[in-house]
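Reading through the C-alpha cells given below for one structure.
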Amino acid sequence: DTAVSQTPKYLVTQMGNDKSIKCEQNLGHDTMYWYKQDSKKFLKIMFSYNNKELIINETVPNRFSPKSPDKAHLNLHINSLELGDSAVYFCASSHEPGQGYSPLHFGNGTRLTVT
Amino acid sequence: EDKVVQSPLSLVVHEGDTVTLNCSYEVTNFRSLLWYKQEKKAPTFLFMLTSSGIEKKSGRLSSILDKKELFSILNITATQTGDSAIYLCASTSYNTDKLIFGTGTRLQVFP
C-alpha cells in the first residue's frame, strides 16, 4: 500500500539511449512533481503537474518530457541520455499545487546511472 | 534569487547528545518553511512552519521559525542512532509553487 511508488528503483543505461521512469500515487492528491537530486544531495524541482496539467517547468533540457495520463500518474521520459543526467530522481505528490501548505510525499527515488 | 542555506553541512555526535540544525532563507514573499528527514530513500516530512515563534514538536524533535531573522532551527534531543540521516530544509513563497531546498545537514549518531 505504498503511497508514492516509482519504478524502476535502479536504471543503468548507456549514453544516447531513451528511458522512462514511472510514478504512481494512491493518496488522491491533485499535484505531482519530479525532483532531481544530484551527487551533492541537492534536491531541485523539475516539473509539477496539477490535475494532468503542467504548472511548473523549470529550466530542464527538452530531452526530459513528463507525461501525466491521469492525476494519479506522472511519468518521466528522457531522450538521448547524457552522463550528466546521472542522479536520483524523486517523484512526489501533494494535495495542493501550492507546496507551502501541503507537504510533499516522496517516492523512494530512481537512481539513474548513465555510462 | 531565492535560496535556502543549511548549517552545518555535517554533524557527528554520540547517542544522547542534543543537536541543533540551522536553516536560513532568503525568499521573496515567504510563505512557509518545511523540514524533511532523508534516510536511505525518500525524504519524509517532519514539520511545516508558517508563523514566527511557535514551536512545533514531535517526540524528541522540535522546530521553530524566526521570520524576522529569516531562519529556522531543528532540535533533536537525546539523539539515537536511528536519527542518523540527512535533514533537509525547504522554503516556499507566494510567488511560485516551487519548493526550494537547502543542501541538507548530514547527521551521524554513533552509539
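The values are calculated or read from the model by the stated rules, or taken from the named source; none is laboratory data. Keep in mind the model is a prediction, meaning the values are calculated, not measured. Counting neighbours? That spans all protein chains shown, and the Cβs are built from the backbone with ideal geometry, glycine included. Each accessible area value is taken on the protein alone, full model and side chains, heavy atoms only, with ligands, DNA and RNA left out. Shrake-Rupley method; radii C 1.70, N 1.55, O 1.52, S 1.80 Å.
Checking the condition open to solvent by less than 70 Å² (accessible area, probe 1.4 Å) and either in contact with a strand residue (DSSP E or B) (Cβ under 8 Å, 6 or more places away or on another chain) or within 14 Å of chain A (Cβ to nearest Cβ) (or both), which residue from B:Pro111, B:Pro43 passes?
B:Pro43
Of all residues in region B:54-102, which are more than 20 Å from B:Thr18 (Cβ to Cβ), touching a Leu at 6+ places or on another chain (Cβ under 7 Å) and not in a strand (DSSP E or B)?
B:Gly102
Could you list all residues from region A:43-55 that are within 19 Å of B:Leu88 (Cβ to Cβ) and among the β-branched types (Val, Ile, Thr)? Talk me through it step by step, then tell me what you get.
Looking only at region A:43-55, we keep the residues that are within 19 Å of B:Leu88 (Cβ to Cβ), and these are A:43-46, A:48.
Within region A:43-55, A:Ile45 is the sole residue that qualifies.
Name the residues in region B:48-106 that are of a type in the set (Ser, Thr, Tyr), open to solvent by 60 Å² or more (accessible area, probe 1.4 Å) and closer than 12 Å to B:Ser32 by Cβ, would you?
Answer for region B:48-106, where residues must be of a type in the set (Ser, Thr, Tyr), open to solvent by 60 Å² or more (accessible area, probe 1.4 Å) and closer than 12 Å to B:Ser32 by Cβ: just B:Tyr94.
In region A:12-98, which strands (runs of 3 or more DSSP E) lie fully inside it and hold 3 or more residues that are touching a Ser or Thr at 6+ places or on another chain (Cβ under 8 Å)?
On the way: elements: A:19-25, A:31-37, A:43-50, A:53-57, A:64-70, A:73-78, A:87-94.
The qualifying strands (runs of 3 or more DSSP E) are A:19-25, A:31-37, A:43-50, A:53-57, A:73-78, A:87-94.
Listed here are the residues, each with its yes/no results for (1) among the β-branched types (Val, Ile, Thr); (2) open to solvent by 60 Å² or more (accessible area, probe 1.4 Å); (3) more than 10 Å from chain B (Cβ to nearest Cβ).
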position: A:Phe47; (1), (2), (3): no, no, yes
position: A:Ile55; (1), (2), (3): yes, yes, no
position: A:Glu58; (1), (2), (3): no, no, no
position: A:Phe64; (1), (2), (3): no, no, yes
position: A:Tyr89; (1), (2), (3): no, no, yes
